Amino acid sequence: MRILITGVAGFIGSQLSKKILNHDISVVGIDNLNNYYDVNLKKSRLQQLETNSNFQFIKLDLADRSGMAELFNRYEINQVVNLAAQAGVRYSLENPYAYVDTNIVGFVNLLEGCRHHAIEHLVYASSSSVYGLNTKIPFTVKQNVDHPISLYAATKKSNELMAHTYSHLYDLPTTGIRFFTVYGPWGRPDMAYFKFTKAILANQPIEVYNFGKMQRDFTYIDDIVEGLIKIIQHKPQADLNWSGETPSTAPYKIYNIGNNQSVDLMYFIKTLENALGKKANINMLPMQPGDVKITYANIDDLKTDFNWQPQTSIEEGLTNFIDWYTNYYRS
């Protein structure tokens, strides 16, 4: 068994790869190692994987059409997990072309590789951002997601539509995962909890938007990885009795993967302060364009299909993150 994992130097990609390699499965990992955030952190994640003889890393951009075609021709790949993406809501306001290149053009290249090489199952990252202007909480995969409020969200909704098309036309089993605010050790420096930690330790103010009136469904990385492992192992089946709701007459499925609860941002900051043993200097600011006030995942489908539910409290998860952070960045 050989699995292709894209975005392998990223937060989720590296931790998922580590878990899969522990099961004695071969992983081919690709990443373009762009400078959206600290490249040294990405390289440190890779170093953890490269000691395993079942792991092979290739520096490659999803948008490289010929390079992607060569990759699929060169390796006998059984399954694909696509975690490569240009992430970040606010950055999509500054550099929209980066989102089109990676999240749309790159995803088509990946779909074509899967199509022409009889890939058994494509699992790909979507995002809670697709829920956009929805106000009914918790968010469920049966809700309409036709009103995104950032280009990032729009590209992720596009991925879901493109995947369904390939599932329908070519009988390619695809599963989309709508991630809800993933956090934990080895996380992304552009995420709020990472920025808050760095600022608090440096005695600098933290920027809190919408004057703190925000809620997020924070999901710990280990819980995410456990859920992904279960999903990868079970490809979706076509629903021949489909009546207009998910899944589909194609082998296609969408899941929310979250903590199944929404945490007030100010409580999150207080918990972070407790873990650090240090108070934050808070700079309250208005709502930012493209952001949403609340995310909250309904995970009933994951519970029903895989008996999966998160195990890590926000208190435990942030403590684990602070332990890692202070060790990794120790002077």
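The values are calculated or read from the model by the stated rules, or taken from the named source; none is laboratory data. Fair warning: this is a prediction, and the values are worked out from it, not measured in the lab. Here the Cβ positions follow ideal geometry from the backbone for every residue, glycine too, while neighbour counts run over all protein chains shown. Heavy atoms of the whole protein, side chains included, go into the accessibility calculation; ligands, DNA and RNA do not. Shrake-Rupley method; radii C 1.70, N 1.55, O 1.52, S 1.80 Å.
Summary of computed values
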item: Exposed trypsin sites (Lys or Arg not before Pro) absent - longest run of the chain, DSSP non-H/G/I/E/B, at most 14 other C-beta within 10 Å; result: 1-89
item: Residues of segment 156-207: accessible area per residue with a 1.4 Å probe, Å²; result: 38 Å²
item: Choice from I25, I149, I177 showing the highest fluctuation, given a GNM over the chain with Cα pairs closer than 10 Å; result: I25
item: Unsatisfied cross-links (Cα-Cα over 25 Å) in the set K136/K253; K270/K303; K59/K198; K136/K278; result: K270/K303; K59/K198; K136/K278
item: Packing rank of 184-190, 307-313, 47-53, where each peptide gets the mean count of other beta carbons within 10 Å, highest leading; result: 184-190, 307-313, 47-53
item: Alpha carbon convex hull of segment 1-158, projected area averaged over orientations, nm²; result: 9.9 nm²
item: Rg/Rh ratio calculated on Cα atoms of segment 245-331 (Kirkwood radius); result: 1.09
item: Distance-filtered residues of segment 63-79 - backbone nitrogen under 12 Å, label point 7 angstrom along R2 Cα→Cβ; result: 71-79
item: Over segment 177-262: Rg over Rh, Cα atoms, Kirkwood Rh; result: 1.14
item: Karplus-derived 3J(HN,Hα), 6.51/-1.76/1.60, for each residue of segment 319-329, Hz, glycine and proline x; result: 4, 4, 5, 5, 4, 5, 4, 5, 6, 5, 9
item: Hydrodynamic radius by Kirkwood, which averages 1/r over all alpha carbon pairs of the chain, in angstrom; result: 20.3 Å
item: Relative contact order (%) - the chain, alpha-carbon pairs under 8 angstrom, separation at least six; result: 17 percent
item: Paired Rg and Dmax values of segment 133-195, which use every Cα atom, in angstrom; result: 14.8, 43
item: Cα centroid separation - segment 88-118 against segment 161-176, whole Å; result: 16 Å
item: Contact order relative to length of segment 175-221, as percent, for alpha carbon pairs under 8 angstrom and 6 or more apart; result: 59 percent
item: Whole-Hz couplings from phi, Karplus 6.51/-1.76/1.60, listed for segment 13-21; x for Gly and Pro; result: x, 5, 6, 5, 4, 4, 5, 5, 4
item: Low-density loop positions, chymotrypsin sites (Phe, Trp or Tyr not before Pro), segment 54-143 - DSSP coil, at most 16 other Cβ in 10 Å; result: Y75
